[in-house]
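Structure first, then comments.
The values are calculated or read from the model by the stated rules, or taken from the named source; none is laboratory data. Keep in mind that what you see is a predicted model, and the values were worked out from it rather than measured. Positions of Cβ are backbone-derived with ideal geometry, glycine not excepted, and every protein chain shown enters the neighbour counts. For accessibility, only protein heavy atoms count, side chains too; no ligands or nucleic acids. Shrake-Rupley method; radii C 1.70, N 1.55, O 1.52, S 1.80 Å.
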Amino acid sequence: MQERFRDRKAAKIPALAGLRSREEGKMPAPMPIGEEALEFTKPVIRDARKGVVSKRTLCQTCDMQCSVVTESVDGQVVRVRSSDNPLFRDHICMKAIASPKGFAHPDRILHPLKRVGERGSNKWERVTWEEAMTDIGARLSDIVEKYGPESWAVSTSPWNTATDHGLGRRLMNHVGSPNWISGVALCAGNTAAVNRLTYGWFPLGDFHSTKCIVLIGHNPRRHSWTMIYNYIRLAQARGAKLIVLDPRKSSSASRADIHLPLKAGSDAAMLFGWLKVIIDEELYDKKFVEEWCEGFEELRERVNEFPLERVAKLTGCDPEMIAKAARMYATEGPSIIPWTPITDMQRNSTSGIRLQSILRAICGYLDVRGGDTFQGLVSGVVPDSVVEMHEVLPHEQKMKQLGNEDHPAYTYRGQEALREPLKRVWGHEYINQVLGCYMANPPAVFKAMAGEGPYPVKAFFVLGNNPVMSYSNMNRIVKGMMNQELIVVHEHFMTPTAQLADYILPGDTWHERPWLSDLFEWIGFLRPSEQSAEPMGEAKSTWEFWKLLANAMGKPEIVPWNDIYEFYDYRLKGLGKTFEEFCETTDVHFEPIKYRKYEETGFATPSGKVELKSSILEDLGFDPLPYFREDPPMPPEYPLMMFTGVREDPYFQTGGRHIPEMRARSPEPRAYISAKTAKEWNVEHDEWVDVSNELGSIRLQIEIHDSMPDDLLRVPHGWWKPEMEKGAGKLSGALKYSDAQLARDDSDYLDQEQGCPHLKGIPCRINRLNTKRDEERLDEDVVSAA
Amino acid sequence: MWFRLLNVLRAEFIGKTMIFLAESGARNRTPFDRVARFILSLVFTVPKQDDFMADDYVDNDAGYDLEELRRYQSGQ
C-alpha cells in the first residue's frame, strides 16, 4: 500500500517525484574532482558512542580504497561502517564489514617464523625480528655478491601492503635490481603503461558528468568494486547510457542500454568494428583529429580490414547491434570507457587497450568534462614515483630487466622514450602510474627462477600477495620457488606461497597503520587514513620492513626517515601541513580539475600528439597500429572454451577464504556453465568435475547459471582452502583448485608487446569423476573443508 | 497561461505543505505530529527493490561484540 501511495503521489506531484528514489540521482555524491565537491573536503565526524573510538580510514581490502569509519573498543576494531562524508557515503561492502573478524583470526601470523625443515616441509621456529632481518640482510647481500643484483626479484601488491610507497623500488634501485613484479602486470598497471604509448598518460573516467559508459567485460557490483558500481548506478539514474560488452548476461549487462554478448577474448575485434562505423560515418571529432592526432590515415587503412561482417564473425555479435553501440558511444557523449581488467588479460591486450585509447581520442573525449580525464599528480605532494628514485638504477641494469627483449611494453625499455615527454608535461622523468610502468615480465622472472632464463634469480621476496596462484603457469612458479636460495614472505596468513618460504614475517593490517593515498598517481585526489589500532603481535608495516632491510644491508641512508609519520610529513611539506594536521583537517584534498591541459603542454608522447600510430611500438619493433590475432585452432581433445580470473564478492583475489561469514557465502569453487552446455557434457548442477587442459587439471563444482552463454565455462580465480593440508605437494588445496594451473604462458597465449597471459578464452575440457577413488578423495576434502 | 499559473500555485501549496509537515514531524509530540512523520516517511523512503545501495549485510551490520571477537581470536 505504501508503495502504491508513493507512486500515485509521485506521478501526480512532480515536486515529490524527484525525492522518490536514489535511482533518480538526488544523492549528493559527486566524484571529488570538480568544484561541486569542494564543500565536502573537510572531515565529517559523528559523535561516537561511549567507550567507542572512531577513526576515518581507507579500506585496503581490495583496490577500491573506499573511505570508511572504524569503531574500536578497548583498542580493538569491532566495526567498520560507511563514511559520514556524503561524498563517500555507501562506499562499503561485505569485505570491509567482515574485516575485524578476518584480522582477528586465530591462525593469523603474529610473529616472525623461520623455516627449519626442507623447503615446503611446513616446519617452522619462532624467531625475533632482529634475528630474522640480520640473517635475511646477510643472505641477500651474499646472493647479490655471488649472482649479481638482478638475481633478486620482488613480487608485491601495493593495494594490500599500502605503505610500500615506493620504498621497495628505491632499495632495489640502489642495490641494482630491476626485477620487480606485481599482479598489476595483468590488471591496471599494464593498462597504464599501454595507455601512455598513445597519449602519454592513464586517464580516469569522469563518472559524475559523463553521458555514456562502456563496460568491457567488467561487472562492478554492490560488493565488488563498490565505488565504481555506485558511480555507474548514479550516472544511469541521471540518464547516462550504459553499453556492456560481455559474453555473460551479467548484472551490469542486464540493465544496460545495449549489451553486446561478444566471444570471450574478442574485445579488440569488437573495437575495430566500432572504429569502422565511427570513421565511415564520420562521427569522430574531426577538429581534434586534425590538430592533435598522428597516423589517422594509416589507422583508417587498418580499420578498413575490419568490415562489420568480419567483426560479426570474430565476435559472434549482430552487425547492426555493433553499429548501434558504436553510434551511441560516438554521439551520446561525452562518453567514458573505464578501465577494465578484462582487456588486460588477453592475447590482444595491447591492441585492445590501444583501441580503447584511440576511441577516446578520435571522438574528442580526452580530458574533457564527462570524458576520460588526465589526473594523477597532486601538486605540493611528493609522489611515490619520486620516492622510488628510478634515476639511480644504471641503464645497463635497466636493460637487464627480465622480459624486456620479447615483451617490453611496461618495462624500462618500453617506457624509455617517455622520459622526456613526461618531464615536459608532468615535471618528472619517471612517473610510475598504478605502479605498472617499469615492471619486469612475470613469466620471464619465473623462468629465470626455475633456471630457464638468461641469468638466475635466486632471492625472491613476496609482500602482501600470493604469487604461486596469481600469475600464469603455476607449476613453473612452484618449480622456480623450489629453486631459490632465499624466499622471504611478508604476510598475514600461511598462504600457499608462504608455505614455500624461508622466512615469514607478520604484516600489519589496514586497521593497524596510517596511510596516505592518491591511488598510485592515477586519481587527482589525496586522502589520509588514520591508524585505528596498534598492530597485533609483532606485526609490522611494509614501510618498516623496507627500512629494516635497508639497515640490515648496511644502507640505512636509503630510508632516512625515522618513522612513517616523519615520512608523510616530508611528502606533505609542500601543502604546509604535517600528516597529523592533514588528518585533522582533511577528508580529501584536491584541486578542481582543469580540462584540455594538452592545449598548453601537448601530450606526453614523443611527438607531443596523440599517436594513433605509435612511434614507441614501431621503434621497439612491433606493429605501430593495433591488430587482431585470432585464436589458434581448437585442439580436438579440448573443445570447450573457458575464461578465468573472475573474482567472487566475498573475496579479493586469493584472500579472504579463512573468514567464516565470507566462506559461508561462497564455500566451494564453482564453475558456471549454461544448461545446454552442461547437458552436452553430461554434468549436473552441484556435481564435482575436473577441468583440464594441456597444463593441468583442477577440481570444481558445476553451477548451471542463467548468465552463461553456451560453449563457455567460467572458472573462479584464486581458490585454496586455508584449512587443508599445508606444505609442498598440497599447498592447502591450491594444487587442486587454483585456476593458475590452467593459465598458459606459451606464445599463442601471451600478448606480444606486454607478455601478459590470455585468460579469456582457453581451450579446456570437463572430465567427470568416474572412479571410486576420486569420489572418496573428494569426500575427504569436503569433510576437511567443512 | 492559466495552466502555468495553476502549476505555480500547486507547487507553492506542495512546498508549504511539506514544510508544515516537516516542522510538525520534527516536533514529534502530538498524534498529528506522528501522522506527519508517517506521511513524510511514505514520501521519502526508498523502497528496497529500488534502492541499489540497499543490502541486508551492510544495513543490518552492528559490528562485533568485543568479547566474542576475543574468544574467536583465541580459538575458542
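For the range A:51-114, the residue among A:Gln76, A:His105, A:Met64 whose Cα projects farthest onto the positive side of the dipole built from Cβ charges is A:His105. Among the protein heavy atoms of the protein assembly as shown, carbon and sulfur supply 51% of the accessible surface, probe 1.4 Å, non-protein parts ignored.
Could you tell me what a quarter of the Cα convex hull surface of the range A:150-267 works out to, in nm² with one decimal place? Convex hull of Cα atoms, orientation-averaged projection: 9.7 nm². Placing unit charges on the Cβ atoms only, positive for Lys and Arg and negative for Asp and Glu, gives the protein assembly as shown a dipole magnitude near 2340 debye about its Cα centre.
Within the straight-line cut-off of under 13 Å between alpha carbons, the aspartates and glutamates reachable from A:Lys447 are A:Asp745, A:Asp746, sequence neighbours fewer than 8 places apart in one chain being disregarded. By the equivalent-ellipsoid construction on the alpha carbon gyration tensor, the range A:526-602 comes out with semi-axes of 31, 19, 12 Å, ordered largest to smallest. Remark: the range A:207-283 carries a charge dipole of roughly 520 debye about the Cα centre, counting +1 on each Lys and Arg Cβ and -1 on each Asp and Glu Cβ. Proximity of backbone amide H atoms, modeled 1.01 Å from N, is registered between A:Leu640 and A:Cys764 at under 5 Å, excluding neighbours fewer than 5 places apart on the same chain. Using a simple spin-label model with pseudo-atoms 7 Å out from Cα toward Cβ, A:Glu298 and B:Arg34 lie 7.8 nm apart. Remark: the A:Tyr638-A:Glu291 segment gains 119.9 nm on full extension, using 0.36 nm per residue and subtracting the alpha carbon distance. Label-to-label distance, A:Glu396 versus A:Asn770, with points set 7 angstrom from Cα along the beta-carbon direction: 6.1 nm. Per q in 0.08 Å⁻¹, report the Debye log10 I(q)/I(0) for the protein assembly as shown, using one uniform scatterer on each alpha carbon and no solvent. Treating every Cα as an identical point scatterer, log10 I(q)/I(0) equals -0.72. Shape class of the range A:455-550 from the alpha-carbon gyration tensor: prolate, with a/c at 1.5 or above and a/b greater than b/c. Here the range A:546-586 is treated with +1 on each Lys and Arg Cβ and -1 on each Asp and Glu Cβ, and its dipole about the Cα centre works out to around 240 debye.
Sorted into 5 angstrom bins from 0, the C-alpha pair distances of the range A:620-733 split as 2, 10, 17, 19, 17, 13, 10, 6, 4, 2, 0 percent. Shape class for the range A:551-659: oblate, because the ratio a/c of the largest to smallest gyration tensor axis (alpha-carbon atoms, square roots of eigenvalues) is 1.5 or more and b/c is at least a/b. Taken one residue at a time, the phi angles of the range A:77-84 give Karplus couplings (6.51, -1.76, 1.60, θ = phi - 60°) of 6, 10, 8, 10, 10, 5, 4, 7 Hz. Gly and Pro are set to x.
Within the same chain, lysines fewer than 8 places from A:Lys613 are excluded, and of the rest, those with a Cα less than 24 Å from its Cα are A:Lys276, A:Lys286, A:Lys287, A:Lys423, A:Lys597. Mind putting together the pair-distance distribution for the range A:433-491? All Cα pairs, 10 Å bins, whole percent per bin, short to long. Going from the shortest bin to the longest, the percentages are 23, 56, 20, 1. Under a Gaussian network description of chain B, with springs only between Cα atoms under 10 Å, the residue in B:Val43, B:Val58, B:Val35 that fluctuates furthest is B:Val58. Based on the Kirkwood approach, the hydrodynamic radius assigned to the range A:667-775 is 14.9 Å, with every pair of different Cα atoms included. The H on the amide N of A:Trp124, modeled in the peptide plane, is under 5 Å from the matching H of A:Val116, each at least 5 residues off or on a different chain. Legend: calculated FRET efficiency, A:Ser697 to A:Lys479, from the Cβ-Cβ distance at R0 = 22 Å, rounded to 0.05, equals 0.80.
Dipole of the range A:485-599 computed with +1 at Lys/Arg Cβ and -1 at Asp/Glu Cβ about the Cα centre; of A:Leu549, A:Thr586, A:Tyr598, farthest Cα towards the positive end is A:Tyr598.
The 3J(HN,Hα) values that the Karplus relation (6.51, -1.76, 1.60; θ = phi - 60°) gives for the range A:438-452 are, in residue order, 9, 9, 7, 8, x, x, 5, 5, 5, 4, 5, 5, 7, x, 10 Hz. Gly and Pro appear as x. Using the Cβ-Cβ distance between A:Arg49 and A:Glu684 with R0 set to 41 Å, the FRET efficiency works out to roughly 0.20. Of all aspartates and glutamates in the structure, those lying under 20 Å Cα to Cα from A:Lys114, and not within fewer than 8 positions of it along the same chain, are A:Glu125, A:Glu130, A:Glu131, A:Asp135, A:Asp142, A:Glu485, A:Glu491, A:Asp502, A:Asp508, A:Glu538, A:Glu544, A:Glu725. Per residue, the convex hull spanned by the Cα atoms of the range A:90-237 amounts to 191 cubic angstrom. The residues of chain B have, on average, 73 Å² of accessible surface per residue, using a 1.4 Å probe with all protein chains present. Can you compute log10 of I(q)/I(0) for chain B with the Debye formula, treating each Cα as one identical point scatterer, at q = 0.17 Å⁻¹? Rounded to two decimals, the profile gives -0.86.
Stretching A:Arg424 away from A:Glu332 to a fully extended chain increases their span by 29.7 nm, per 0.36 nm per residue minus the current alpha-carbon distance.
For A:Leu769, the accessible area of its heavy atoms, probed at 1.4 Å with every protein chain present, is near 20 square angstrom. In plain terms, the chain from A:Asp748 to A:Ser251 could stretch by 175.8 nm, reckoned as 0.36 nm per residue minus the Cα-Cα distance. Each label point was placed 7 Å from the Cα along the Cα-to-Cβ direction; for B:Phe13 and A:Tyr570 their separation is 7.0 nm.
Summed over qualifying helices (DSSP H, 4 residues or more, each -39500 (n - 2.57)) and divided by its residue number, the protein assembly as shown shows a 222 nm mean residue ellipticity of -10000 deg cm²/dmol.
The base-10 log of I(q)/I(0) for the range A:368-495, evaluated at q = 0.17 Å⁻¹, reads -1.02 [Debye formula, identical scatterers on Cα atoms, solvent excluded]. Residue by residue, the range A:501-512 carries 3J(HN,Hα) couplings of 8, 8, 10, 10, 10, x, x, 7, 10, 6, 6, 10 Hz when phi is fed to the Karplus relation 6.51 cos²θ - 1.76 cosθ + 1.60 (θ = phi - 60°); x denotes Gly or Pro.
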